[in-house]
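Below is one structure; the comments refer to it alone.
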Amino acid sequence: MTTYTVEVPEDSEVFGETTGAFARFGYSAAVRADGLLFIAGTIGRRADGTIPDTIEEQTEIAIRRIEEILRLENLDLSALVDVTSYHVDIHQHLPGFSEAKQRLIKAPFPTWSLIGVSGLASPGLLVEIRATAVYPGASR
């Protein structure tokens, strides 16, 4: 199996100064393998490194980061086939998360699992989203 690592450019407007996290923590933003693109857990941290207070803004930023990774591979959000999101205080934040998600994710909808967690990597983070996308023409 051949794999390809997707590199987010250091001058990315969407990721900004946070691109250093990939090397610092030893992981790839995304990896392509056998017609699929596996996107690492993506958080709602602004390009300047700050964390918004609201679930709506964090959700939008996380989805925009996924969208940027897809764009780097000439894909868009419609290529998503499977998504898992991890939520701190899921019952309190689900309405805001759902509102932001509905604004950004359109049909055809991917599968989506929501998992409640006690915390994420940094204090203040409320959601992390990981995803899998498929390339056009990929055999399945």
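The values are calculated or read from the model by the stated rules, or taken from the named source; none is laboratory data. Since the structure is predicted, the reported quantities are computational estimates derived from the model, not experimental observations. Note: ideal-geometry Cβ built from the backbone for every residue, glycine included; neighbour counts use all protein chains shown. Just so you know, the surface numbers come from the protein's heavy atoms only, side chains and all, with ligands and any DNA or RNA stripped out. Shrake-Rupley method; radii C 1.70, N 1.55, O 1.52, S 1.80 Å.
At 1.4 Å probe size, put 101, 106 in order of accessible surface, largest to smallest.
106, 101
State in Å² the accessible area per residue of the stretch 1-79; use a 1.4 Å probe, count heavy atoms of protein chains only, and round to the nearest integer.
Result: 54 Å² per residue.
On the protein heavy atoms, probe 1.4 angstrom, tell me the percent of accessible surface of the chain carried by carbon and sulfur.
51
What nm distance separates the two modelled labels at residue 112 and residue 94, each placed 7 Å from Cα along Cα→Cβ?
Those two pseudo-labels are separated by 1.3 nm.
Take residue 82 and residue 4, extend 7 Å from each Cα along the Cα→Cβ direction, and tell me the distance between the two endpoints in nm.
Distance between the two pseudo-spin positions: 2.1 nm.
Averaged per residue, what accessible area in Å² does the stretch 93-138 show with a 1.4 Å probe, protein chains only?
Accessible area per residue, the stretch 93-138: 54 Å².
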